[in-house]
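Report on the following structure.
Bear in mind that the values in this text are calculations on the coordinates, not laboratory data. Everything quoted here is computed from the prediction, not taken from an experiment. Here the Cβ positions follow ideal geometry from the backbone for every residue, glycine too, while neighbour counts run over all protein chains shown.
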Amino acid sequence: MENIVKFKDWIKKNNVDYKIKELHENSLRYKILEYVGLKNETQDITGEMLFDVLKEEIPEFILMVAEENFLRGYNQRKLDEQSLQEGESIA
């Protein structure tokens, strides 16, 4: 419980501003960042830490994102190939 208090104090002390919307203690973003911070025993959370926690805790979500990324890349490749065949330049 002490770590949770430290994390909340750190958020307030550093006046963290995500420029998208305020970080409310009841928001999902706050809870996820709090969980990742506690799991890694730090308040300096990186994208890699977030990915590792999601991979460990919700692997099916990461798999779904990876599949979507693959399909989008495949579709973009097909569009680029078609554009090249039609003589258009790829931006």
Ranked by how many other beta carbons lie within 10 Å on average, peptides 63-71, 50-58, 30-38 from highest | 30-38, 50-58, 63-71
Residue-wise, which Karplus ³J(HN,Hα) couplings in Hz belong to the stretch 30-41, taking 6.51 cos²θ - 1.76 cosθ + 1.60, θ = phi - 60°, and x for glycine or proline?
-> 4, 5, 5, 5, 4, 4, 5, x, 5, 5, 9, 6
